[in-house]
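Peer 1: Sending over a structure as structure tokens; questions will come in a sec.
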Amino acid sequence: SSLPADSLPPNLRALELGNLHAAALAGLNMPAGGLPQLQSLALSSTEYKNMDLRWLAACPQLTQLHLEGCQLPVLPAELPALTGLVELKIQRARLMVDDVALRPLSALQQLTRLDLGQNGVTSLPAAVLSLPALQVKLHWQ
């Protein structure tokens, strides 16, 4: 039997969805066991609406996460659970970029690359400075 068109295969390793609408993301059916093999995820949106990203917690192998244009006034609550992340890019997300808002980043001890471009970052928050593996602090824009 084949999967429904709106269902993601559980053995997916990389996923890139561009020009995404929040409703389209909400319409995707996650496998019951999540996406245990997903290593790379890139989501970009042309609409500034809140994206429901609770299912990120079901992606324990994720090492790269790129979110562009997805309205995220705060970091996804599931982010600290993604302890294998080495690359995080959150651009044009209208993200609050103060110390308190970025505190969840301190759980990402493997993070080597961080890009918070086009979010109004004006200084390095303490949560960013505390990351031991980080090589590129911020891309200023």
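The values are calculated or read from the model by the stated rules, or taken from the named source; none is laboratory data. For clarity, every value in this text was computed on a predicted model and none was experimentally measured. Ligands, DNA and RNA are stripped out before the accessible areas are found, and what is left, the full protein with its side chains, is counted by its heavy atoms. Shrake-Rupley method; radii C 1.70, N 1.55, O 1.52, S 1.80 Å.
Peer 1: Taking a probe of 1.4 Å, how large is the accessible area per residue of the range 89-136, in Å²? If you can, show how the numbers build up before the last one.
Peer 2: Working: 2310 Å² over 48 residues.
Spelled out: the 1.4 Å probe surface of the range 89-136, per residue, equals 48 Å².
Peer 1: Which ³J(HN,Hα) values in Hz, rounded to whole numbers, follow from the phi angles of the range 104-115 under the Karplus curve 6.51 cos²θ - 1.76 cosθ + 1.60, where θ = phi - 60° and Gly and Pro get x?
Peer 2: The phi angles translate into x, 4, 5, 7, 8, 5, 8, 4, 10, 10, 9, 10 Hz.
Peer 1: Another question, if that's okay. Return the carbon/sulfur percentage of the accessible area of the range 51-141, one whole number, probe 1.4 Å, all protein chains in place.
Peer 2: Values: 2260 of 4200 Å².
Here it works out to 54 percent.
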